[in-house]
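The values are calculated or read from the model by the stated rules, or taken from the named source; none is laboratory data. In this text, all values refer to a predicted model and were calculated from it rather than measured experimentally. Here Cβ is always computed from backbone atoms with ideal geometry, including for glycine, and neighbour counts include all displayed protein chains.
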Amino acid sequence: MIDSFPYESWDEVATTFWTFGPEDSTGTYVLTVLGIILMVAALIYWVWLEEKKLTAQAALLRGAGGLPPASPTAPGPGFAEPPLAGPSTDPGP
Amino acid sequence: MTSSLASMLSALLAQAPTPEELQEQINLDSLVLLEVFYFFTVVIMWLIHVGFMAYETGAARRKNIMSTAMKNILTIAVVTPSFYYFGWYIYGCFEHGGPAEGHAGPAEFPGFCGLTAPWSAGMAGNLESSLTGHLSLVFFLAFLLFSWTTASIMSGALIERVRLSAYLILAVVLGSGVWIMDAAWGWSSGGWLTTNYGFHDSIASLVVHGVAGAFALGVLLNLGPRIGKYDREGRARTFRPHNTHLTLMGLMLIFTGFYGFYAACLFIQSTVFPGWLNIYLSPTTLGTIAMVITFGFAGGFTGGWIASRGDPFWTLSGGLAGVISVSAGADVYHPSLAYLLSATGGMVAVWSGGYIEKKLRVDDAVGAVAVHGVCGFYGVFLVGIFAGGFPTGLNNVPSSFGGQLMGMLAFFPLAFLPGYIVSWLLKKANLLRVPPEVELEGLDMAEFQQDFFPEFERVPEVVVLPDGQEVEAAPILIEEYTRTNGHRAGAPAERR
């Protein structure tokens, strides 16, 4: 069993040493605020990036003619062979 | 000779530790044991999330596998910081519905509330040897894993049409707000439901599973079914999972992780008999709950198998449902009682799953509302009948059917309404659901621009009709898309 560390001589420093300051200090408040900002910014970025990707892909698929137009008309015979067996990014004619 | 022995004896006695030193050593060993115990429950509980990822990915169609898996992975990225900054504080300070005594928190644990703030001593590396010192970090981590679990329960229900970002926002609300509020109220020794009504939910049938299921139901009502899930008569079709083996393995991993979940729901009190306490600080033992979870699986598999007439997916889901059904009383139940009750739980999951899918026409892709939601509520209901009178919480209020009912009445709106309202807001902002064109093609191409099985030949997607006939899916999906003009829940017409 290791019991020969000079614990008494440095435990005070080790216990209270936090980067940017000890508990309930300006440093820990600042770190907390920065962490919350990163968390919120990441969520907003996820929303923005996904919206961009989905919009682009939906436009590509509609432009490729692989899907019927979103109209009130009933599906016609032209849709009998839908190209939906799997992913495709072919922009088409 | 005699003097030599006497001097040796006196020298030994001089070196012998005093009773105070021995007590200090015992206390330190006890704290180390406690810290190591919770650390490894956290490690084992990671398997729950490995399992959820495999389970849901296997249940998804080939075109949606990575978008499904990324939900589970990114749950960790968003729930961890939000639970650190807000969730743990809610648990520490809202036992009476709010921080009744300001930052000091509940009278039962003075100071605990303040220690749950993210800038406090208890929330970072420190050398304070006490339950509210460095040991609070492993408690925090165990609760964090519970939080991931609540979000993961919801994630499976939403697959193949929800936006990843929408799911992440909902995961934060559920994992770092809703569930931990109900835990503060009814899953702590000082919670108002516990101290006033004797509400008893030892291993979180309702506070984790039931609440996550109710939240998911609120989201599903706004999200709507996958394109092609229901025919014109409202009859349910079935989409073939791309890998049922992966789904079953995922469930088995979840089961393994649940042993860690069960263990993490106990406190060690290694210096006082019997050494273990439940979440309400009532005595129990690790062996007691280990027996209940094991017999819960046995009964749940049996009930699921009987009710589903041998369907593999529902047989395994029945195991999980069985355990959830007996978790609330796992510190009390006899193994035979757990076996019997969990068998009914497995059946309840199958029947309620069919009702939700076919009658309510709610497209829950993995049966999460039935397995977790319905059986979570069923579990606390059973405690009111089969464990009535057992003392619970700091006030030792006997558990009762009325107390359990009070918990159910408090938690259903607490869970359902936030899920419904937040998903409704996302729907109104057109941020809840992917565009229908993307849904038909598959989410992976839009989200990641690649096919994640490039070496395998692509085969036509199939769908199982209500009469059991298996047919090619594409014509049906196109027809359903066209019939609704591409307008689905969460995708207003003006955006396409």
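A few points about this structure:
- Number of the exception - B:Q25 against (1) surrounded by 13 or more Cβ atoms within 10 Å (Cβ to Cβ); (2) in contact with a Pro (Cβ under 9 Å, 6 or more places away or on another chain): (1)
Residues are listed down the side, and each one gets a yes or a no for (1) free of Cβ contacts under 8 Å to residues at least 24 places away in the same chain; (2) surrounded by fewer than 23 Cβ atoms within 10 Å (Cβ to Cβ):
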site: B:F313; (1), (2): no, yes
site: B:V326; (1), (2): no, no
site: B:K358; (1), (2): no, yes
site: B:R361; (1), (2): no, yes
site: B:V366; (1), (2): no, no
site: B:H372; (1), (2): no, no
site: B:C375; (1), (2): no, no
site: B:I385; (1), (2): yes, yes
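- Summed over segment B:247-284, residues that are in a helix (DSSP H, G or I), polar (S, T, N, Q) and crowded, with 17+ Cβ neighbours inside 10 Å total 1.
- Matching helices (runs of 4 or more DSSP H) fully within segment B:362-458 where at least 1 residues are within 22 Å of B:V292 (Cβ to Cβ): B:375-386, B:401-428
Residues checked against (1) touching a Cys at 6+ places or on another chain (Cβ under 8 Å); (2) more than 9 Å from chain B (Cβ to nearest Cβ); (3) more than 30 Å from B:G125 (Cα to Cα); (4) without any contact (Cβ under 8 Å) to a residue 60 or more places away in the chain:
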site	(1), (2), (3), (4)
A:F20	no, yes, no, yes
A:T26	no, yes, no, yes
A:Y29	no, no, no, yes
A:A41	no, yes, no, yes
A:K52	no, yes, yes, yes
A:L61	no, no, yes, yes
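- Residue list for segment B:252-273, restricted to those being more than 15 Å from B:L34 (Cβ to Cβ) and at pLDDT below 85: B:F273
- Taken across segment B:317-332, residues that are modelled with pLDDT under 95, over 17 Å from the mean Cα position of the chain (by Cα) and not acidic (D, E) do occur, with at least one present.
- Here B:G384 meets the list (1) within 14 Å of another protein chain (Cβ to nearest Cβ); (2) under 26 Å from the mean Cα position of the chain (by Cα) almost entirely, failing just condition (1).
- Odd one out for B:V471 among (1) farther than 17 Å from B:R240 by Cα; (2) more than 11 Å from chain A (Cβ to nearest Cβ): (1)
- Across segment B:222-246, the number of residues qualifying as assigned to a helix (DSSP H, G or I) and in contact with a Ser or Thr (Cβ under 8 Å, 6 or more places away or on another chain) comes to 3.
- Selected residue [buried (at least 23 other Cβ atoms within 10 Å of the Cβ), modelled with pLDDT under 85 and under 28 Å from B:I268 (Cβ atoms)] from B:G122, B:G114, B:G92, B:G87: B:G122
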